[in-house]
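Novice: My structure is below; once you've seen it, I'll send some questions.
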Amino acid sequence: MSRLAQADAIQPPQTVEADARQPLGDSARFLERVDAILPLLRENTFKADEIRRAPDENIQAMTDAGIFRAMQPRQWGGLEIDPSTWEEALVRLGSACPSSGWVGGILGGHSWYIGLYSQQAQQDVWGENPDARVASSFAPTGKVERVGDGFRLTGRWKFLSGVDHAQWICLAGIIPDEGDGHEYRVFLVPAADYEIDQDSWRVAGLQGSGSKDVTVDAVVPEYRTQTVDDVYHGNEPGKAVNTSPIFELPWLSMWAYNIASPAIGAAVGALDAFIDDNRRRASALLGTVAAQNSAVHIRLAEAMTLVKDARARIPRTWDSIHADVLAGVPVSNEKRAQARFEASYAVGQCLGAVTKVFEIGGGAVLGSDKLFQHYMRGLMGMRNHPYAVYENWAGLYATTLFGAPLDPPFTKEHLGCLV
């Protein structure tokens, strides 16, 4: 553990009485701990790609810094950090190592998500190991059938980022029609009940995320599931115990920004790398230093402005949403739709920004040993996540701009009714 982490060590889990006015974790000190591990993550960023997962030392450093406790309920030793600080931390992680930032956002974000499950499910996950981490696949690709008081899951699920470093996984599945339609649920499965396909993640970008497939044969009890009905009506059972306002934050908006924030960080890292590479690079065509080229100036200024704008939206969005939940005011569907669109748009915006300088960076930017190329390929991988395809989310947001009510009808068959 680093000296900085030791100075503000995370206490062992203990049951505490949740209080809506209980002070949140010290945001400044949390970000200091994050900053302290960035050199290590940056040093290991190529290694992450080579081994196709986040290096163990990166995971340990993020553990020591509190990444996986940041949004965890206090009753398990979590910090319950405010959302703007949490998302800013993911930006910083992504600026050092895109894959580590991605894994930190997924596994760390699930520490908040599991807090919405039943107390018994939380006890299963954290009772013996408060540092347990959870990976996920929300695409219902495997088979689910009801058996007694639970469900049997069999088959294959894909793209579980950080699964090598998880002790549990969340898997979505469709329960067959039992008379009133199919039902989408998310199931909590322990490591003993799944096998990781170590050869399933061979990609051109974001290799270090280790987003591998798993094969499953498990029986999951009812209490370790989450229903669309609970989320749609805000009745997640974990809220009865974890009563901090952060557990009233909108789930899908949180999820969207946990994808977007590391992407913003990757763009920050790419532009920093571009600047470093071009301070002394000379153009063979013009015989001038790239740093004195007006065409480079224009593209770099445009790119930097786009990335800074995307980053600035984080506190503007989340301070407002957080203020609502602190005041006990329901977060409006309009705010939710805007947040989800802007998060997805930020990923495309950042890739577009990096592409601007790529197009004028010369042949050197193609080098696989270049940090710039590494960050750009990571961003390309992030852009293809379903929650980063902003074209899918524009309709919800535009509906609110036209003044139409945004209240999708409930359906238990998929997530489309959730705002």
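The values are calculated or read from the model by the stated rules, or taken from the named source; none is laboratory data. Just so it is clear, the model here is predicted, and its values are computed rather than measured. We place every Cβ from the backbone using ideal geometry, glycine too, and count neighbours over all the protein chains shown. Heavy atoms of the whole protein, side chains included, go into the accessibility calculation; ligands, DNA and RNA do not. Shrake-Rupley method; radii C 1.70, N 1.55, O 1.52, S 1.80 Å.
Novice: Only residues in the stretch 350-369 that are under 25 Å from TYR257 (Cβ atoms) count as the first member; pair them with residues that are surrounded by 15 or more Cβ atoms within 10 Å (Cβ to Cβ) and among the hydroxyl-bearing types (Ser, Thr, Tyr), Cβ under 9 angstrom, at least 6 apart or cross-chain, and list the lot.
Specialist: Close Cβ pairs satisfying both conditions: VAL354/TYR375.
Novice: Kindly list, by first and then second residue, each pair from a residue in the stretch 183-198 that is without any contact (Cβ under 8 Å) to a residue 60 or more places away in the chain to a residue that is hydroxyl-bearing (Ser, Thr, Tyr), limited to pairs with Cβ atoms under 6 Å and residues at least 6 apart or on different chains.
Specialist: Here the result reads ARG185/THR225; ARG185/THR227; PHE187/THR225; GLU195/THR215, each pair linking the stretch 183-198 to a residue that is hydroxyl-bearing (Ser, Thr, Tyr).
Novice: Okay, moving on. In the stretch 314-336, what residues are assigned to a helix (DSSP H, G or I) and surrounded by fewer than 20 Cβ atoms within 10 Å (Cβ to Cβ)? Full working, then the answer.
Specialist: Taking the stretch 314-336 first, the residues assigned to a helix (DSSP H, G or I) are 314-326, 333-336.
Within the stretch 314-336, PRO315, ARG316, ASP319, SER320, ALA323, ASP324, VAL325, LEU326, ASN333, GLU334, LYS335 qualify.
Novice: Further question on the same structure: For the stretch 221-276, give me each residue that is β-branched (Val, Ile, Thr) and either assigned to a helix (DSSP H, G or I) or closer than 22 Å to LEU171 by Cβ (or both). Give the steps one after another, and end with the answer.
Specialist: Taking the stretch 221-276 as the starting set, the residues that turn out to be β-branched (Val, Ile, Thr) are 225, 227-228, 231, 241, 243, 246, 259, 264, 268, 275.
Correct list: THR225, THR227, VAL228, VAL231, ILE246, ILE259, ILE264, VAL268, ILE275.
Novice: Out of the residues in the stretch 347-389 meeting the condition of being more than 19 Å from THR305 (Cα to Cα) and of a type in the set (A, V, I, L, M, F, W, C), tell me which one is surrounded by the fewest Cβ atoms within 10 Å (Cβ to Cβ).
Specialist: By that ranking, first place goes to LEU366.
Novice: Scan the stretch 151-158 and tell me whether some residue there is surrounded by fewer than 20 Cβ atoms within 10 Å (Cβ to Cβ), over 24 Å from GLU236 (Cβ atoms) and of a type outside the set (D, E, K, R).
Specialist: yes
Novice: Only one of (1) of a type in the set (A, V, I, L, M); (2) buried (at least 22 other Cβ atoms within 10 Å of the Cβ); (3) touching a strand residue (DSSP E or B) at 6+ places or on another chain (Cβ under 9 Å) fails for ALA218. Which number is that?
Specialist: (2)
Novice: Can you list the helices (runs of 4 or more DSSP H) lying wholly within the stretch 57-144 that have 1 or more residues being over 24 Å from GLY381 (Cα atoms) and open to solvent by 20 Å² or more (accessible area, probe 1.4 Å)?
Specialist: Values: elements: 83-96, 98-113, 119-126.
Output list reads 119-126.
Novice: Would you confirm, using the coordinates I've provided, whether GLU248 is among the charged types (D, E, K, R), surrounded by 15 or more Cβ atoms within 10 Å (Cβ to Cβ) and under 22 Å from SER344 (Cα atoms)?
Specialist: On the way: among the charged types (D, E, K, R): yes; surrounded by 15 or more Cβ atoms within 10 Å (Cβ to Cβ): yes; under 22 Å from SER344 (Cα atoms): yes.
Yes, satisfied.
Novice: Continuing with the same structure: Kindly provide the set of residues from the stretch 256-282 that are hydrophobic (A, V, I, L, M, F, W, C) and modelled with pLDDT under 95, ordered by number.
Specialist: Hit for the stretch 256-282 is ALA282, nothing else.
Novice: Can you pull out the residues in the stretch 293-329 that are of a type in the set (A, V, I, L, M), in contact (Cβ under 8 Å) with a residue 12 or more places away in the chain and farther than 12 Å from LYS356 by Cβ? If you could, list the steps in order and put the result at the bottom.
Specialist: At the first step, the residues of the stretch 293-329 found to be of a type in the set (A, V, I, L, M) are 295-296, 298, 300-301, 303-304, 306-307, 310, 312, 314, 321, 323, 325-327, 329.
Cutting the leftovers down to in contact (Cβ under 8 Å) with a residue 12 or more places away in the chain gives us 295-296, 300, 303-304, 306-307, 310, 314, 321, 325-326.
If the condition is that a residue be of a type in the set (A, V, I, L, M), in contact (Cβ under 8 Å) with a residue 12 or more places away in the chain and farther than 12 Å from LYS356 by Cβ, then ALA310, ILE314, ILE321, VAL325, LEU326 are the ones that fit.
Novice: Given the criteria of a type outside the set (S, T, N, Q), in a helix (DSSP H, G or I) and open to solvent by 60 Å² or more (accessible area, probe 1.4 Å), does ARG311 qualify? Explain how you work it out, then say what you get.
Specialist: Numbers: of a type outside the set (S, T, N, Q): yes; in a helix (DSSP H, G or I): yes; open to solvent by 60 Å² or more (accessible area, probe 1.4 Å): yes.
Against the criterion (of a type outside the set (S, T, N, Q), in a helix (DSSP H, G or I) and open to solvent by 60 Å² or more (accessible area, probe 1.4 Å)), ARG311 qualifies.
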